[in-house]
1. Suppose we filter R62, R167 for residues that are outside any strand (DSSP E or B), within 17 Å of N25 (Cα to Cα) and open to solvent by 20 Å² or more (accessible area, probe 1.4 Å); which single one remains?
2. Please pick out the residue among A146, A101, A97 that is closer than 20 Å to P51 by Cα, touching a Phe, Trp or Tyr at 6+ places or on another chain (Cβ under 6 Å) and of a type in the set (G, A, S).
3. Can you give me the number of residues within the range 46-59 that are within 15 Å of the ligand (Cβ to nearest atom) and not in a loop (DSSP other than H, G, I, E, B)?
4. Given the conditions (1) open to solvent by less than 70 Å² (accessible area, probe 1.4 Å); (2) small (G, A, S); (3) at pLDDT below 95, report the number of the one that A146 does not fulfil.
5. Just to be sure I understand, how many residues within the range 1-33 are open to solvent by 40 Å² or more (accessible area, probe 1.4 Å) and either in contact with a strand residue (DSSP E or B) (Cβ under 7 Å, 6 or more places away or on another chain) or not basic (K, R) (or both)?
6. Return the pairs, sorted by first residue and then second, in which the second residue is not in a helix (DSSP H, G or I), the first residue lies in the range 154-172 and is among the polar types (S, T, N, Q), the beta carbons are less than 7 Å apart, and the residues are 6+ apart or on different chains.
7. Scan the range 121-133 and report the pairs whose first residue is under 19 Å from N164 (Cα atoms) and whose second residue is open to solvent by 40 Å² or more (accessible area, probe 1.4 Å), with Cβ atoms within less than 8 Å and a gap of 6+ or a chain change.
8. Of all residues in the range 65-75, how many are open to solvent by 20 Å² or more (accessible area, probe 1.4 Å), modelled with pLDDT of 95 or more and aliphatic (A, V, I, L, M)?
Amino acid sequence: MRTQNRETQAELTPERAKEILLEGNRRFVSNLKVNRNLLQQVNETSEGQYPFAIVLSCIDSRTSAELIFDQGLGDIFSTRIAGNIVNEDILGSMEFACKVAGSKLIVVLGHSKCGAVKGACDHVQLGNLTGLLDKIEPAIKAVAYAGDRTAQNAEFVEKVAEVNVLRMVEEIKKRSHILREMIESGEIGIVGAMYDVETGIVTFYDHTKGISEVLNEELAGEY
Ligand SMILES: [Zn+2]
């Protein structure tokens, strides 16, 4: 499989970019990874890069975007930070990816059993990590669940992880006027997704569904 070039990138729509990632994840899950010549891709990308998407995922060692979407060199921008949170520098990186380098899709990718989300649920305080986990706090507060709200409750943790992804999608649109304009004009797309560390499957969220609808879906436990 050849890497993206200026022409193939320019022809892509945000919807097609999402399909390419989905197809890659299906190959990953069925162990049918494309046989890439990475050294050849080094040569092909030596004069420039034309990645079709930027994926914001967790630093978790199981959530490498290139691996789980079966992509090669020069195909996607990969931004990784614990808890897949957004800050100014990450917004700047996304603006570069989309406005300057021509990427068509922003993906905020959370994952199940996320240590950062669990740490935030337990209000862990540890050096500089404290400030990072604070950025997940609004997602915890948004989940109105009266039962066990600690990392011990797997269902609560997964709900917070989902809300955190959707919140970050909203943050990106709210805090970057450059990206917001590109999204509104249809030039780029933005979507949240969740990676299941037990199956390897990525599920894209319905981008028409807002946080409030997700919050209204009850947890099995008591409120
Ligand atoms: Zn994580």
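1. Numbers: R167 fails: within 17 Å of N25 (Cα to Cα).
The match here is R62.
2. Numbers: A146 fails: closer than 20 Å to P51 by Cα; A101 fails: touching a Phe, Trp or Tyr at 6+ places or on another chain (Cβ under 6 Å).
Just one listed residue meets the conditions, A97.
3. Total satisfying the criteria: 3.
4. Among (1) open to solvent by less than 70 Å² (accessible area, probe 1.4 Å); (2) small (G, A, S); (3) at pLDDT below 95, the lone unmet condition for A146 is (1).
5. Narrowing the range 1-33 to residues open to solvent by 40 Å² or more (accessible area, probe 1.4 Å): 1-2, 5-8, 10-11, 13, 15-16, 19, 22-23, 26-33.
Narrowing the set further to residues that are either in contact with a strand residue (DSSP E or B) (Cβ under 7 Å, 6 or more places away or on another chain) or not basic (K, R) (or both) leaves 1, 5, 7-8, 10-11, 13, 15, 19, 22-23, 28-32.
Of the residues in that region, 16 qualify.
6. If the second residue must be not in a helix (DSSP H, G or I), the pairs left are N164/G110; N164/I136.
7. C121/R149; C121/T150; D122/T150; T130/V124; L133/H123; L133/V124
8. 1
The values are calculated or read from the model by the stated rules, or taken from the named source; none is laboratory data. Nothing here was measured: the structure is a model prediction, and the numbers come from that model. FYI the Cβ positions are ideal-geometry reconstructions off the backbone, even for glycines, and counts take in every protein chain you see. Remember, those area values only see protein heavy atoms, side chains included, never the ligands or the DNA or RNA. Shrake-Rupley method; radii C 1.70, N 1.55, O 1.52, S 1.80 Å.
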